[in-house]
1. Got a sec? What order do V113, V212 fall in by accessible area at 1.4 Å, biggest, i.e. largest, first?
2. Would you work out the Kirkwood radius for region 267-343? I mean one over the mean of 1/r across all pairs of different Cα atoms, in Å.
3. Might you tell me the accessible area per residue for region 267-343, computed with a 1.4 Å probe and given in Å²?
4. Which residues among region 180-213 fall inside the zone where the amide N is under 13 Å from a point 7 Å beyond the Cα of Q140, along Cα→Cβ?
5. What FRET efficiency comes out for the pair V324/R97, r = Cβ-Cβ distance, R0 = 45 Å, nearest 0.05?
6. Each label point is 7 Å from the Cα along the Cα-to-Cβ direction; what then is the distance between the points at D213 and E341, in nm?
7. Fully extended, how many nm does the chain gain between R222 and D189 (0.36 nm per residue separation, minus their Cα-Cα distance)?
8. Hey, what does the equivalent ellipsoid look like for region 86-169, semi-axes from the Cα gyration tensor as sqrt of 5 times each eigenvalue, largest first, whole Å?
Amino acid sequence: MNKIQGAVHYVANNRLQFEKGPSPFDPQKSAADQVGHKYKKQEQPSLEEILPKLETPAIKQRLDDLLSRYPEPQGALLEVLWLIQEALGWVPREAIRYAAGICECSPVHAFSVATFYTMYKHAPTGRFLLQFCRNICCEQKGASNIIAYTEKSLGIQTGETTPDGLFTIVQVECLGACANAPVMLVNDDYATDVQDSKLSMLPGTSLNEERVDKILNWCRERAKNLKEEPTRDALGGPILGHKGHPGAPGATAKVQSKNYAPPSPVLGVQAALIDGGVQVSWKCAPDFTHLLLEKKEGSIWKQVAEPPVRTTEIIDPSGEKGSVYRMIATSGERVAKPSLEVEAK
Ligand code: FES
């Protein structure tokens, strides 16, 4: 305690002095320009110019579908911005204001969201957006050198687009692939190499100069053979066969109602060895409409019974010492988490 008081006293009564080194930033340029994290000053189209591209029947239908999946329109903001980016190629200021109107939030809130995430583009980019991670793991493994090499190869600086419109370089924060550091994204795909004529990021494969060359050549070849990049859905996945998210076209995930809450799992499950099998007993809330008893076989859970909902015990005649059970309860269409696993002893 005395030590803490001493430390507090010291901090309160002494000025901590830090040695001032030279600033890595050029005071003549804005910080944003120097890291390429945000785009340089961009001419902004008016609302009248962008509306014809946003108010198409296809986009309207997707917006309606999207908004119906969230209890509050504001919840759809990220995806609405994605849709706009998909339609325009980037998110101009007026489009952010438009998204705010759709999502019933303030323009400043929508703007802060759109500028927080580096996935939103605030200027048109080249066909291949090279997003280099500049965060700590990648930096430690030589990201700066790789970025400088790419800039030199393409003859542009971070934040710029090549005159042929093919490449734009930006630097972003951690891409969540630190084990492969240094890494980059080419549009929405991780790329540290090219394997079997595809961009790839195999475990342990980091960017180096040779691989950067391979990736740039892959992009150039693709541009020659494929007129434009295939359309992606609002989450960046291929449109067809992408069913993993409620917002994606063709999604199978269920839309939850405003007051959705998951039911509680079955509690107090016990499994006792008795003559003629294993007796499993439990407690559960009265509103359950369906119960399942499952037994573990290897790494797989197999259904062994559907006990009537008002019962609180059942005998599994095939049960033996060491059998492991769990119960799953359903209430209406809501499925509770499985209960704790219990072993028959
Ligand atoms: S630090 Fe670069 S991917 Fe995490």
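1. Numbers: V113 25, V212 0 Å².
My answer, sorted largest first, is V113, V212.
2. Numbers: mean 1/r = 0.0802 Å⁻¹.
The Cα-based Kirkwood calculation yields 12.5 Å.
3. Working: 4600 Å² over 77 residues.
Computed with neighbouring chains in place, this is 60 Å² per residue.
4. Inside the label zone: 180-182.
5. Numbers: r = 56 Å, r/R0 = 1.25.
E(calc), rounded to 0.05, equals 0.20.
6. It works out to 5.1 nm between the two label points.
7. On the way: separation 33, 0.36 × 33 = 11.88 nm, distance 1.43 nm.
Using 0.36 nm per residue and subtracting the Cα-Cα distance, I get 10.4 nm.
8. Values: eigenvalues 178, 57, 11 Å².
Equivalent-ellipsoid dimensions as semi-axes: 30, 17, 8 Å.
The values are calculated or read from the model by the stated rules, or taken from the named source; none is laboratory data. Computed from a prediction, not measured in an experiment: that's the story for all the values here. A quick note on method: Cβ atoms are made from the backbone with ideal geometry, for glycine too, and the neighbour counts reach across all protein chains shown. Accessible surface is based on the protein model in full, side chains and every heavy atom, while ligands, DNA and RNA are left aside. Shrake-Rupley method; radii C 1.70, N 1.55, O 1.52, S 1.80 Å.
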